[in-house]
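So the structure is just underneath, and the comments pick up after that.
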Amino acid sequence: MALILSLETSSEVCSVCLHENEKILSIIETKEAFSHTRKITLFITECLKIANKEIHQLNAIAISDGPGSYTGLRVAASTAKGMCYALGIPMIAVDTLKAIAHHASLTFPGAMYFPMVDARRMEVYTSIFDASLNHLKETYNLILEKEVFEEWEISNQKMVLCGTGVEKVKMLFAEKKYELMPFELSSSHMVSLAIRKFENKFFENNISYEPNYYKAPKVTRSTKALF
């Protein structure tokens with residue numbers, strides 16, 4: 001039995017989940033804005049306490065790999081790296097979009113999945129998965145327009161648009177026969193994929209790992225005087 005701590009911080013949700021194989025022992029999450037840095041270690045401590053587990057019993061830590069919030073992804077990655085180094089356990093990175101697609105597949109099995117992470121305005125980060133969650137198209141950023149998915153309609157498969165970017169396309173695709181499944185991200189969505197990676201020993205290098213930001217962060221120069 002593998003005891004894994006999963007951290008989802010790629011969106012405004014800060015979510016921490018402790019699970020033994022696929023059995024969730026405890027989960028704490030919040031949508032409080034800008035809370036990842038303040039909350040994540042508190043949530044980890046509380047999850048362990050609720051499940052009556054000690055930190056040294058952890059077998060691995062899984063983090064959401066992105067794409068998503070630059071700050072959120074950095075917070076989970078740095079937290080996991082420090083803990084994994086101190087505990088001598090592996091770190092697992094779970095593709096955020098694949099976790100969204102997997103969660104959607106539990107409701108709509110045997111479909112084609114278009115997971116979306118909100119990237120502001122009418123833009124999303126997305127990729128496309130088949131019914132077995134194999135990539136049909138790797139991660140890319142997409143400006144949402146009515147015709148963007150028409151090339152996939154010829155497959156005659158059910159098309160499921162899912163994740164945080166779906167809410168803003170309800171009117172855009174109202175005439176389409178797509179299944180729309182908007183939902184917030186959660187560390188519980190990572191559980192099955194994290195276990196699968198643990199069993200196959202697909203671990204990250206704690207030193208060289210960086211999250212999949214997909215886009216570089218927008219850094220601006222301060223106009224304020226230093227002195």
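The values are calculated or read from the model by the stated rules, or taken from the named source; none is laboratory data. The model shown is predicted, which means the values in this text are computed figures rather than measured ones. A quick note on method: Cβ atoms are made from the backbone with ideal geometry, for glycine too, and the neighbour counts reach across all protein chains shown.
Residues in the range 82-113 that are in contact with a strand residue (DSSP E or B) (Cβ under 9 Å, 6 or more places away or on another chain) and closer than 17 Å to VAL191 by Cα: 17 in all. Looking at the range 10-81, the strands (runs of 3 or more DSSP E) lying wholly inside it that each contain 2 or more residues that are of a type in the set (Ser, Thr, Tyr), touching a strand residue (DSSP E or B) at 6+ places or on another chain (Cβ under 6 Å) and at pLDDT 95 or above sit at 23-30. Checking the stated criteria, LYS201 turns out not to satisfy the condition of being of a type in the set (Lys, Arg) and at pLDDT below 95.
Selection of the range 118-133 for residues being in contact (Cβ under 8 Å) with a residue 24 or more places away in the chain and out of contact with any Pro (no Cβ under 6 Å at 6 or more places or on another chain) yields ASP118, ALA119, MET122, VAL124, THR126, SER127, ILE128, PHE129, ALA131, LEU133.
Criterion first (at pLDDT 95 or above, of a type in the set (A, V, I, L, M, F, W, C) and under 30 Å from CYS47 (Cα atoms)) does LEU180 satisfy it? Taking the combined requirement at face value, the residue does not satisfy it.
Any residue at all in the range 2-9 that's surrounded by fewer than 18 Cβ atoms within 10 Å (Cβ to Cβ) and outside any helix (DSSP H, G or I)? Among the residues of the range 2-9, at least one is surrounded by fewer than 18 Cβ atoms within 10 Å (Cβ to Cβ) and outside any helix (DSSP H, G or I), which makes the answer yes. Applying the criterion of at least 2 residues that are surrounded by fewer than 18 Cβ atoms within 10 Å (Cβ to Cβ) and in contact with a strand residue (DSSP E or B) (Cβ under 8 Å, 6 or more places away or on another chain) to the strands (runs of 3 or more DSSP E) found wholly in the range 116-198 leaves 135-143, 179-182. For the range 50-71, a tally of residues being over 21 Å from SER26 (Cα atoms) and buried (at least 17 other Cβ atoms within 10 Å of the Cβ) returns 6.
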